Amino acid sequence: MDSMIRVNDVSMKFNLGIEKNFSLKLFFINFFKNINKKKEKPKDFWALRNISFDVKKGEVIGFVGGNGAGKSTLLKVVSGVMKPTEGTIEIGGNICPMIELGAGFDMDLTARENIYLNGSILGYSKAFIDEKFDEIVEFSELQEFLDVPIRNFSSGMTARLAFSIATIVDPEILIVDEILSVGDIAFQQKSENKMKSMIGGGTTVLYVSHSIQSVKAICTRVIWIDHGKMVMDGKPDEVVKAYLKASNLE
């Protein structure tokens, strides 16, 4: 496989009414209310439609588009969190998905305990975490909160811990969804610098962010998605300019 990632004609459909009639209460209400009424058909929503692109080793692909355009859904499909309704995904390396921050955390455990828990979920051995523990803590800047349960953390603190654990190794493919927009300005810059360091080491990155400046600063290529369809794929300056113009954001 020449490409690190190959997305082949991928579409993703959601059934908006899939849970509508699962309630026992609703069942009885509907039964007594109108037995002869025609059953409403569940509505299908296509979050992605016929998306195709290849990503070569070391490329940093940014995705732009409005809320609900399908960017986060696409990253989840590529990372294996979701299975596409149609099409295929081919992956040529190990993936570190940073999509739902804190998804691998137990809110009742402390930061210290969650470093080991989340690290094990990411495939790190206890010996490796022991070796890298101080480095993780130092990067996260959470030294004073190691024995505090995660449930008492702000979203920014949780993001800092998750980012610090996930990036302690350099994965072949890094998938990032809005991670750099969480936390204070200083940590955002620190995270961006860390990503640039990983990119310099050859890591392939798929990156979603509402920060256009961040996309332009980090990415070597940008894909614009609108209503689940690919509108444009090309150089960051050209795609961002077209996207901003179409969105009246210039």
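The values are calculated or read from the model by the stated rules, or taken from the named source; none is laboratory data. Note that the structure is a prediction, hence the values are computed from the model and not measured. All Cβ positions, even for glycine, are placed from backbone atoms using ideal geometry, and neighbour counts span all protein chains on display.
For the stretch 174-184, the count of residues that are in contact with a strand residue (DSSP E or B) (Cβ under 8 Å, 6 or more places away or on another chain), closer than 18 Å to Gly119 by Cβ, touching a residue at least 12 places away in the same chain (Cβ under 8 Å) and of a type in the set (Asp, Glu) is zero.
Among all residues of the stretch 127-135, there is none that is within 26 Å of Ser3 (Cβ to Cβ), outside the structural domain of Met12 (by TED's automatic domain parsing) and not hydrophobic (A, V, I, L, M, F, W, C). For Tyr124, the criteria (1) outside any helix (DSSP H, G or I); (2) in the same structural domain as Ser79 (by TED's automatic domain parsing) hold in every case but one, which is (2). Of the numbered criteria (1) more than 15 Å from Val205 (Cβ to Cβ); (2) at pLDDT below 90; (3) not β-branched (Val, Ile, Thr), the one Cys96 fails is (1). Across the stretch 165-193, which residue is modelled with the highest pLDDT among those that are surrounded by fewer than 19 Cβ atoms within 10 Å (Cβ to Cβ) and among the β-branched types (Val, Ile, Thr)? My answer is Val169.
Here the condition is being surrounded by fewer than 18 Cβ atoms within 10 Å (Cβ to Cβ), in a loop (DSSP other than H, G, I, E, B) and acidic (Asp, Glu); of Asp130, Asp147, Asp134, it holds for Asp147 alone. Remark: pairs (first residue in the stretch 217-230, closer than 12 Å to Lys71 by Cα; second residue among the hydroxyl-bearing types (Ser, Thr, Tyr) and buried (at least 20 other Cβ atoms within 10 Å of the Cβ); Cβ separation under 6 Å; 6+ apart in sequence or on different chains) = Trp224/Tyr243. Do we have any residue at all in the stretch 71-82 that's small (Gly, Ala, Ser) and part of a helix (DSSP H, G or I)? Yes, the conditions are met somewhere in the stretch 71-82. Ser140 falls short on exactly one of the conditions (1) closer than 23 Å to Val81 by Cβ; (2) surrounded by 21 or more Cβ atoms within 10 Å (Cβ to Cβ); (3) polar (S, T, N, Q), and that condition is (1). Across the stretch 33-80, the number of residues qualifying as modelled with pLDDT of 95 or more and among the hydroxyl-bearing types (Ser, Thr, Tyr) comes to 1. Summed over the stretch 102-147, residues that are in contact with a Ser or Thr (Cβ under 6 Å, 6 or more places away or on another chain) and not hydroxyl-bearing (Ser, Thr, Tyr) total 4.
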